[in-house]
Amino acid sequence: MQDIGNMVAKKNEIVHEIDGSVMLYIPAGPFFMWNGKKSIEIKEFYIDKYPITNNQYRKFVEETQNDLPAFWKDERFNNPEQPVVGVSWDDAMAYADWAGKRLPEEKEWEKASKGTDGREYPWGNMKPDENLAVFDLDSAKGAPALVGKHPLGVSPYGCHDMSGNVWEWCQEWYAVGKYRVVRGGSWINHMYALKCSYRSCSVPIGKDNNVGFRCVKEV
């Protein structure tokens, strides 16, 4: 049974003042991680409702003089309301630190994506289609959608774009010293990568056009 009812007693949606992100409350409690084989206990936290956008990242760059993302001048990737891409793990960490937040732990990301009922995808067990997520596009012509444009694909807690659109950096190493964890699949990937339990990785210095991030903060 979902524990979403507990959200009523908490501020289930807040606006983070520094970067303007809407953040959603994820309650404490266990859930089954990695295909239901391991029960994980998690403390309560807030997570961004949407991936960080180009518009939000621009404010960070203006205030910190951090480098602009790769693809910043590419019209396929620079709409203000698209998720920012072309950012390394260190870039994402720097943004989170500036905003007074942090990158999610992998277990936090997965619980926000799937809830507690063991579903395969944020929206349930139905296979992905174009109404639910952005995936399997031509790498030479496709691009991430504007955030929040697939409300039918929302997670049990109200998070958007947690399957497809862009991979999202997490805190952990996938292989220590080599790769960092990314979750969620992207606009390029096949539907198998969109499952809530699917894990992948990227080199921390990578600035790919299909990797972005969202942040969390303590309650």
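FYI, it's all coordinate maths here, none of it is from the lab. Please read all numbers here as calculations on a predicted model, not as lab measurements. Counting neighbours? That spans all protein chains shown, and the Cβs are built from the backbone with ideal geometry, glycine included.
Computed quantities for the displayed model
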item: Hydrodynamic radius (Kirkwood) for segment 70-197, which is based on Cα pairs only, to one decimal in Å; result: 15.1
item: Using a Förster distance of 22 Å, the FRET efficiency for Lys178-Ala94 (Cβ separation, nearest 0.05); result: 0.60
item: Ranked His190, His150, His16, criterion: other C-beta atoms within 10 Å, fewest first; result: His190, His16, His150
item: Label point distance in nm, Lys149-Ser39, each placed 7 Å from Cα along Cα→Cβ; result: 4.2
item: 14 Å Cα-Cα reach of Lys11 towards aspartates and glutamates, excluding residues that sit fewer than 8 places from it in its own chain; result: Glu44, Asp48, Glu218
item: Loop sites in segment 38-104: trypsin sites (Lys or Arg not before Pro), DSSP, at most 13 other Cβ within 10 Å; result: Lys43, Lys73
item: For the chain, radius of gyration divided by Kirkwood radius, i.e. Rg to Rh on alpha-carbons; result: 0.94
item: Loop trypsin sites (Lys or Arg not before Pro), segment 114-219, which have at most 16 other Cβ atoms in a 10 Å radius of their Cβ (DSSP); result: Lys141, Lys149, Lys178
item: Rounded FRET efficiency, nearest 0.05, which uses the C-beta distance separating Glu218 from Asp117 and R0 of 25 Å; result: 0.50
item: Calculated [θ] (222 nm, deg cm²/dmol) that DSSP helices of n ≥ 4 give over the chain, each run adding -39,500 (n - 2.57); result: -4000 deg cm²/dmol
item: In Hz, Karplus ³J(HN,Hα) per residue of segment 126-133 (6.51, -1.76, 1.60; θ = phi - 60°; x = Gly, Pro); result: 5, 4, x, 9, 5, 7, 9, 7
